[in-house]
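Peer 1: The following block contains the structure, expressed as structure tokens.
Each value in this text was obtained by applying a stated rule to the coordinates, not by laboratory testing. Computed from a predicted model, the values in this text were never measured in an experiment. Note: ideal-geometry Cβ built from the backbone for every residue, glycine included; neighbour counts use all protein chains shown.
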Amino acid sequence: MSSPHSAADFASLRARYRNRYENELFEKVIPFWERHAPDSAHGGHFNNLDRDGAVYDTTKHMWMQGRLVWMFSKLYRAVEARPSWLAIARNGMDFLRKHAARPDGRVYFSTTADGRPAYLQRKIFTECFYLMALAEYARAAEEPELLREAYEGLGRMWEWAWDWTKVGRPAYEGQAPSQALAVPMLLLNLIEEVAGEDFGTYRAEADDCIRRTALHVHADTRCVYEAVAPDGSRLEGPEGRLLTPGHAIEAGWFLQHWAQRLEHADAQRQALDMVRWSFEKGWDQKCEGLFYFVDAEGYAPVPLEWSMKLWWPHCEALYAHLLDYFLTGDAADLAAFESVHRYAFTRFSDPEYGEWFGYLDRQGVVTHRFKGGPYKGCFHVPRALWLCLRLLDEKPAWLA
């Protein structure tokens with residue numbers, strides 16, 4: 001690890017990046033969703049938006065709806081109490097509560113434009129993003145009864161998280177027992193967002209998620225595996241070798257938030273390793289950018305889209321590397337951030353219509369021109385930009 005830098009170095013860093021990120025967020029990204037997402041006829045928001053914002057499919061995906069509500073509520077609370085931001089959040093929350101949230105706690109994955117149920121996943125991710133939205137909106141709108149609902153839903157997640165047969169997903173005799181990194185990492189973030197400063201109430205659950213996350217981190221191979229056996233041992237075959245650099249980097253900063261809050265030194269070091277090792281494994285030395293998937297032993301990854309460069313891993317890497325630099329002063333963390341920054345702002349950011357493209361081929365050429373779809377919405381890009389801005393307005397730990 002290199003020595004921490006000086007106040008002048010930080011001032012130079014801030015001068016290079018702060019205005020760029022502020023302009024990208026508030027002049028190019030957020031206005032895109034403000035202009036094109038709201039559905040004036042049926043309420044809620046469209047998320048399937050073409051490059052110029054045109055609605056190419058009126059289906060509404062509820063985890064995208066929840067993410068948008070969370071984002072605008074967060075901006076209202078953390079940046080500026082703009083009535084228009086709260087109105088956008090309310091529009092989405094009203095639609096979610098009226099059409100998507102079921103009495104049994106499940107949340108439809110998608111609906112028609114006018115709110116008729118279209119699909120229910122046998123997973124818990126839509127429910128998690130609904131609860132994040134519910135909690136953040138409740139605080140922004142000062143509606144404590146909604147916050148109580150979010151707390152109740154958070155408790156219910158623990159009944160479902162580790163046994164998806166409870167949400168209708170079948171278990172088969174020949175299926176190897178496994179744990180996906182997506183579950184403990186998302187629950188860590190969910191607790192942080194729903195509980196807020198009341199995180200002590202969920203200390204046992206957070207500790208369990210930290211323990212489960214650690215099962216995926218293998219120091220002997222410097223890998224963070226996407227799926228492992230329940231005891232953390234490697235699974236056989238391609239599933240056991242699969243690395244998803246974006247997920248591991250995102251999980252790393254989720255863990256780092258908790259490690260800093262709990263003053264957990266071992267978790268702090270592990271979170272740094274997760275981000276650094278995943279960047280090391282995932283960065284394309286030939287064409288730059290982060291691969292979507294990597295095989296830990298050098299085989300061709302089974303997912304056909306493995307070599308594509310997606311927007312969200314780069315968003316997560318921007319914040320994770322900048323956070324690590326703020327904590328450590330390590331020049332390698334700053335270099336990684338700057339590499340991701342150059343790639344992301346050159347390849348994904350759209351100077352003509354705003355927002356970011358989501359999907360590139362290995363060479364960095366746009367493959368899908370749309371800005372919003374079933375899996376891309378108003379979330380990863382604005383969240384990363386906002387989190388980086390928040391850091392750039394703080395003092396690095398090595399200057400304290």
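Peer 1: Where the convex hull is taken over the Cα atoms of the chain, what is its projected area averaged over directions, in nm²?
Peer 2: Reported value for the Cα convex hull: 19.1 nm².
Peer 1: For the cross-link pairs K98/K371; K123/K286; K28/K74; K286/K395, which exceed 28 Å when the distance is taken from alpha carbon to alpha carbon?
Peer 2: K123/K286; K286/K395
Peer 1: Also, quick follow-up: By how many nm would the segment from E197 to V79 grow when fully extended, if each residue of separation counts as 0.36 nm and the alpha-carbon distance is taken off?
Peer 2: Separation in residues times 0.36 nm, less the Cα-Cα distance, equals 40.6 nm.
Peer 1: To continue, here is another question. Got a sec? Which residues in region 218-240 would a label at A171 touch, if it sits 7 Å along Cα→Cβ and we count backbone N under 14 Å?
Peer 2: Answer for region 218-240: 230-231.
Peer 1: Let me ask something else about it. Ranked highest first by the average count of other Cβ atoms within 10 Å around their residues, in what order do 178-189, 316-327 fall?
Peer 2: 316-327, 178-189
Peer 1: Hey, with R₀ at 41 Å, roughly what FRET efficiency would A204 and S6 work out to, going by the Cβ-Cβ distance, to 0.05?
Peer 2: 0.45
Peer 1: At 222 nm, what value in deg cm²/dmol follows for the chain if DSSP H runs of at least 4 each add -39500 (n - 2.57) and the sum is divided by all its residues, to the nearest 500?
Peer 2: One gets -16500 deg cm²/dmol as the mean residue ellipticity at 222 nm.
Peer 1: Another question, if that's okay. By per-residue mean of other Cβ atoms within 10 Å, what is the highest-first order of 32-38, 371-377, 171-177?
Peer 2: 371-377, 32-38, 171-177
Peer 1: Here is a follow-up. For E152 paired with D361, estimate the spin-label separation in nm (one decimal), with each label point 7 Å from Cα along the Cα-to-Cβ line.
Peer 2: That separation, rounded to one decimal, is 5.2 nm.
Peer 1: Okay, moving on. What is the dipole size for region 117-210, taken about its Cα centre, with +1 at each Lys and Arg Cβ and -1 at each Asp and Glu Cβ, in debye to the nearest 20?
Peer 2: Roughly 480 debye for region 117-210.
Peer 1: Could you list which residues have their amide H under 5 Å from that of S110, counting only those 5 or more apart in sequence or on another chain, with H placed in the peptide plane?
Peer 2: M62, A118, Y119
Peer 1: Please list, in chain and number order, the residues 5+ apart from N47 or on another chain whose amide H is under 5 Å from its amide H, with Hs placed from the backbone.
Peer 2: H61
Peer 1: Q285 to L262: extension gain in nm, 0.36 nm per residue of separation minus the Cα-Cα distance?
Peer 2: The Q285-L262 span can extend by a further 4.7 nm.
Peer 1: With r as the distance between the Cβ atoms of W306 and D52 and R0 = 51 Å, compute the FRET efficiency 1/(1 + (r/R0)^6) and round to 0.05.
Peer 2: 0.95
Peer 1: Continuing with this model, one more query. Once label points are set 7 Å from the Cα along Cα→Cβ at both D231 and E34, what is their separation, rounded to one decimal in nm?
Peer 2: Result for the modelled spin labels: 5.6 nm.
Peer 1: Excluding F357 itself, what net charge comes from residues whose Cβ is under 12 Å from its Cβ, given Lys and Arg +1 and Asp and Glu -1?
Peer 2: Charge balance near F357 sits at +1.
Peer 1: Quick one: which of 277-286, 299-308 comes out on top by average Cβ neighbours within 10 Å, and what's the full order, highest first?
Peer 2: Result, highest mean Cβ count within 10 Å first: 277-286, 299-308.
Peer 1: Once phi is turned into ³J(HN,Hα) by the Karplus curve 6.51 cos²θ - 1.76 cosθ + 1.60 with θ = phi - 60°, what whole-Hz value does each residue of region 329-345 show in order, with x for glycine and proline?
Peer 2: So the Karplus estimates, Gly and Pro as x, are x, 6, 4, 5, 5, 5, 4, 5, 4, 5, 5, 5, 4, 4, 5, 5, 6 Hz.
Peer 1: A follow-up question, please. What Kirkwood Rh does region 37-167 have if only Cα atoms enter the pairwise 1/r average? Answer in Å.
Peer 2: It is 14.9 Å.
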